[in-house]
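Each remark here refers to the structure printed beneath this line.
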Amino acid sequence: MKPLMLQGHERSITKILFNREGDLLFSASKDPKPNVWYSINGERLGTYDGHSGAVWSIDIKWDSSLFITGSADQTMRIWDVETGSSLANLEMKTSVRGVNFSYSGTMIAYTTDKMMGHNSELSIVDVREPNNVDATPIMKTQVTPSNAKALSVLWGPLDEYVVTGHEDGCIIKWDMRTGKKMEVGQEHTKQIKDMQLSHDGMMLITASKDSTARLWDLATLEPLKVYKTDRPVNSAAVSPLVDTYPHVVLGGGQEAMDVTTTSSRIGKFDARFFHLVFEDEFARVKGHFGPINSISFHPNGRGYASGGEDGYVRVHVFDDAYYQFKFDF
């Protein structure tokens, strides 16, 4: 399992993401240029130039036509995937922390930071006409001061609600129409670094700084499973082949600034595979020279990609041994 090493970023990776077919891999980092790559051979197709700050969050429309980025330069941009041209540039009062396309691809939910006297907000804009986007949100709700700052955001099925992950470790489900809170899940004790849906959209996995990842039922926000490690988890993903290979992969590592001061043992920057049901760790994959910041399964479930603090994206394809491995129970 020799990975493809994708080197195109000058600074640490913030988010990586496959499109729905899995032929394209998008990566964003703390440098202002998101990249797109062919996932099969690691060839870089191009960059999306226009931001002037770190890109915190990205998402791709289901048909791979539009690409959105939320940045620390206080803008959210909508791009044409094919040409790399910026179709819309929505300016905010603070930096944009999380962005997510709705299932239908007609709306975008985004969260903004709490800074400079402005509150953290969750907003939804209509993007049916990407060349002529009305920057006025169709739904907007204040997250702070009644809750902690919202970091990541995801849509529930049929675009009926959105789920946000917060700095204090809670996840909140918001009604899309009214902007009111529907449910709150409070299991994590520290900041939520990443949230991803399972392939069928029924389950949600959260990765937190409290060294655990948790699996939730999306409809009820009932906590189902917990995967424990010994260091902060920055990202977690559920395998799309969950019926035959019920696996989750976790990526993390101690904070980048603590790396040289805390542990005498070098590294510990491996991707860790857990059994979805039994919560047991069964494999590790080494490679990055720093914490893994984002991890994502290939949509066909036959490999995964990870992006690290070292600025590299590594694309792995599973060997036969992965499929032959059976859990004893």
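The values are calculated or read from the model by the stated rules, or taken from the named source; none is laboratory data. Bear in mind that the values here come from a model prediction, so they are computed numbers and not experimental data. Glycine also receives a Cβ, built like all others from the backbone with ideal geometry; neighbour counts cover every protein chain displayed. Quick note on the areas: whole protein, heavy atoms, side chains included, nothing else; ligands and nucleic acids left out. Shrake-Rupley method; radii C 1.70, N 1.55, O 1.52, S 1.80 Å.
Scanning segment 1-23 for residues that are over 14 Å from the mean Cα position of the chain (by Cα), open to solvent by 20 Å² or more (accessible area, probe 1.4 Å), in contact (Cβ under 8 Å) with a residue 40 or more places away in the chain and closer than 21 Å to S239 by Cβ returns M1, P3, L4, R20, E21. Of all residues in segment 134-147, those that are open to solvent by 30 Å² or more (accessible area, probe 1.4 Å) and either more than 23 Å from the chain's Cα centre (by Cα) or touching a residue at least 40 places away in the same chain (Cβ under 8 Å) (or both) total 6. Check whether at least one residue in segment 75-84 is of a type in the set (D, E, K, R), in contact with a helix residue (DSSP H, G or I) (Cβ under 9 Å, 6 or more places away or on another chain) and either assigned to a strand (DSSP E or B) or free of Cβ contacts under 8 Å to residues at least 12 places away in the same chain (or both), and report yes or no. Yes: one or more hits.
Per-residue answers, yes or no, for (1) under 27 Å from A237 (Cα atoms); (2) in contact with a strand residue (DSSP E or B) (Cβ under 7 Å, 6 or more places away or on another chain):
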{"site": "N119", "(1), (2)": "no, yes"}
{"site": "E160", "(1), (2)": "yes, no"}
{"site": "K181", "(1), (2)": "yes, yes"}
{"site": "Q191", "(1), (2)": "yes, yes"}
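If you go through segment 85-103 and pick out every residue that is open to solvent by 20 Å² or more (accessible area, probe 1.4 Å) and either aliphatic (A, V, I, L, M) or part of a loop (DSSP other than H, G, I, E, B) (or both), you end up with 5. Does at least one position in segment 92-114 carry a residue that is of a type in the set (F, W, Y) and in contact with a helix residue (DSSP H, G or I) (Cβ under 9 Å, 6 or more places away or on another chain)? For segment 92-114, residues of a type in the set (F, W, Y) and in contact with a helix residue (DSSP H, G or I) (Cβ under 9 Å, 6 or more places away or on another chain): present.
Residue count for segment 240-257 satisfying the condition of being more than 19 Å from D210 (Cβ to Cβ) and surrounded by fewer than 22 Cβ atoms within 10 Å (Cβ to Cβ): 7. Of all residues in segment 184-212, those satisfying the criterion of being crowded, with 19+ Cβ neighbours inside 10 Å, assigned to a strand (DSSP E or B) and without any contact (Cβ under 8 Å) to a residue 40 or more places away in the chain are G185, M203, S208, T212.
Here the condition is being surrounded by fewer than 23 Cβ atoms within 10 Å (Cβ to Cβ), part of a strand (DSSP E or B) and more than 19 Å from the chain's Cα centre (by Cα); of G46, G50, it holds for G46 alone. Only one entry of D280, D270 meets the criterion of being at pLDDT below 95 and surrounded by fewer than 14 Cβ atoms within 10 Å (Cβ to Cβ), and that entry is D280. Residues in segment 229-239 that are assigned to a loop (DSSP other than H, G, I, E, B), buried (at least 17 other Cβ atoms within 10 Å of the Cβ) and either free of Cβ contacts under 8 Å to residues at least 40 places away in the same chain or not hydroxyl-bearing (S, T, Y) (or both): R231, P232.
Evaluation of S64 against the conditions (1) open to solvent by 20 Å² or more (accessible area, probe 1.4 Å); (2) under 22 Å from L122 (Cβ atoms); (3) not hydrophobic (A, V, I, L, M, F, W, C) shows that the sole unmet condition is (2). One residue stands out in segment 24-43 among those that are open to solvent by less than 50 Å² (accessible area, probe 1.4 Å) and among the aliphatic types (A, V, I, L, M): the one that is farthest from D73 (Cα to Cα), namely L24. Residues in segment 168-183 that are open to solvent by 80 Å² or more (accessible area, probe 1.4 Å) and assigned to a loop (DSSP other than H, G, I, E, B): R177, T178, K180.
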